[in-house]
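The values are calculated or read from the model by the stated rules, or taken from the named source; none is laboratory data. Bear in mind the structure is a predicted one, so any value in this text is a computation, not a measurement. Here the Cβ is made from the backbone with ideal geometry for all residues, glycine too, and neighbour counts use every protein chain on show.
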Amino acid sequence: MSTDRSTGTGAPGGAADAGDTLWVRRFHPVADARVRVVFLPHAGGSASFFFPFSAALAATGRVEALSVQYPGRQDRRDEAPLRSLAELADGVHRALRGWTDRPLVLMGHSMGAVIAYEVARLGEREGNGVPLGVIASGRRAPSVHRVEDAHRLGDKEFLAEVRSLSGTASALLDDEEIVRMILPGLRADYQAVETHEPAPEPLLRCPVGVVTGDADPRVTPEEAQAWRRHTTGGFRFRVFPGGHFYLNDHQASVADTIDEYVAAFAKEAAADAG
């Protein structure tokens, strides 16, 4: 039986390999949850980034959050980070096989949004882990191309690029020891997302919800709204004040938006089934 490392309980589906449970954290179990939201972190991010959002969703009594931990960070720091977004998506897809007893909504921020998109496509293609919907945060649509090559920069220039986004990692970049520890994972993540070229087809069948900041240097509201072109399902869009990490300044409102999107996705699925 597989083990949920955050609670010590078995994964409900019992299908995940023991190694796959390294990927999943369940901070706030909700016994009667109707839906699970799977949080996928940004480049350099970890599962704990979504702890406050997990708590807020758990308080509804309807939604349980799972948060993904990529290799090469925190308690997985002894593992080599993955430099391919396809490999990251495949690892997440495999790990979630043990959690499909409830409908899943995939919510990713920045790089995590692209991973959510690819995991959803894997689920729809294979018929295992088909998501109820996808929520993309702080990321332009896959069809919107920008040339980004930060992973090739020298360490000083690369860290300046990371710091410019004002993410949670920025506060750690003044500590040389911490920088040495997190730099390989950061650079691997940037390489993974900057070299990824999504195939134009197939479109998602599930609905997509988008959340973004109005002053994000990485994505304009128009680029984020272009996610509409990537699904045959419903589409929802919301803009918050702020930059790339707008969600840190609007945690309660973002959690409410996620809950609202989840309810809309469930309603759409029920209508389709009827």
Query raised in the report: Given the structure, is ALA95 of a type in the set (Gly, Ala, Ser) and surrounded by fewer than 17 Cβ atoms within 10 Å (Cβ to Cβ)?
Result: no
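Residue by residue, here is whether (1) surrounded by fewer than 19 Cβ atoms within 10 Å (Cβ to Cβ); (2) over 17 Å from ARG125 (Cα atoms); (3) at pLDDT 95 or above holds:
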{"position": "GLN69", "(1), (2), (3)": "no, yes, yes"}
{"position": "ASP75", "(1), (2), (3)": "yes, yes, no"}
{"position": "ASP78", "(1), (2), (3)": "yes, yes, no"}
{"position": "ARG83", "(1), (2), (3)": "yes, yes, no"}
{"position": "ALA86", "(1), (2), (3)": "yes, no, yes"}
{"position": "ALA89", "(1), (2), (3)": "no, no, yes"}
{"position": "PRO103", "(1), (2), (3)": "yes, no, yes"}
{"position": "LEU106", "(1), (2), (3)": "no, no, yes"}
{"position": "HIS109", "(1), (2), (3)": "no, yes, yes"}
Query raised in the report: So how many residues does segment 1-51 have that are more than 21 Å from PRO81 (Cβ to Cβ), of a type in the set (D, E, K, R) and either modelled with pLDDT of 50 or more or in a strand (DSSP E or B) (or both)?
Result: 4
Report task. Answer with yes or no whether GLU87 is among the charged types (D, E, K, R), more than 20 Å from the chain's Cα centre (by Cα) and either more than 17 Å from ASP216 (Cα to Cα) or assigned to a strand (DSSP E or B) (or both). Result -> no
Report task. Can you run down the residue pairs with Cβ atoms below 8 Å, 6 or more apart or on separate chains, where the first is in segment 23-39 and in contact (Cβ under 8 Å) with a residue 60 or more places away in the chain and among the acidic types (Asp, Glu) and the partner is surrounded by 22 or more Cβ atoms within 10 Å (Cβ to Cβ) and part of a loop (DSSP other than H, G, I, E, B)? Result -> none
Query raised in the report: Restricting attention to segment 188-204, which residues are surrounded by 17 or more Cβ atoms within 10 Å (Cβ to Cβ) and either of a type outside the set (Ser, Thr, Tyr) or touching a Ser or Thr at 6+ places or on another chain (Cβ under 9 Å) (or both)?
Result: ALA188, ASP189, GLN191, ALA192, VAL193, GLU194, HIS196, LEU204
Query - Single condition SER54 does not satisfy, out of (1) modelled with pLDDT under 95; (2) of a type in the set (S, T, N, Q); (3) out of contact with any helix residue (DSSP H, G or I) (no Cβ under 7 Å at 6 or more places or on another chain) - result: (1)
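Per-residue answers, yes or no, for (1) of a type in the set (Phe, Trp, Tyr); (2) in contact with a strand residue (DSSP E or B) (Cβ under 8 Å, 6 or more places away or on another chain); (3) free of Cβ contacts under 8 Å to residues at least 24 places away in the same chain:
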position	(1), (2), (3)
TRP99	yes, yes, no
LEU106	no, yes, no
HIS109	no, yes, no
VAL119	no, yes, no
LEU122	no, no, no
GLY127	no, no, yes
ALA136	no, yes, no
Requested in this report: List the number of the failed condition for GLY242; all other conditions in (1) part of a helix (DSSP H, G or I); (2) within 18 Å of ALA113 (Cβ to Cβ); (3) of a type in the set (Gly, Ala, Ser) hold.
Outcome: (1)
**Report entry** Lone qualifier among GLY213, GLY185, GLY242 - being buried (at least 18 other Cβ atoms within 10 Å of the Cβ), free of Cβ contacts under 8 Å to residues at least 40 places away in the same chain and either among the hydroxyl-bearing types (Ser, Thr, Tyr) or farther than 30 Å from GLY127 by Cβ (or both)
**Finding:** GLY242
Query - Scan of segment 39-80 for residues that are within 15 Å of ARG25 (Cβ to Cβ) and among the hydroxyl-bearing types (Ser, Thr, Tyr), ordered by number - result: SER46, SER48, SER54, SER67, TYR70
Query raised in the report: Counting only residues that are modelled with pLDDT of 70 or more and farther than 19 Å from GLY72 by Cα, how many does segment 161-180 have?
Result: 5
Report task. Might you let me know whether segment 131-143 holds any residue that is at pLDDT below 95 and surrounded by fewer than 17 Cβ atoms within 10 Å (Cβ to Cβ)? Result -> yes
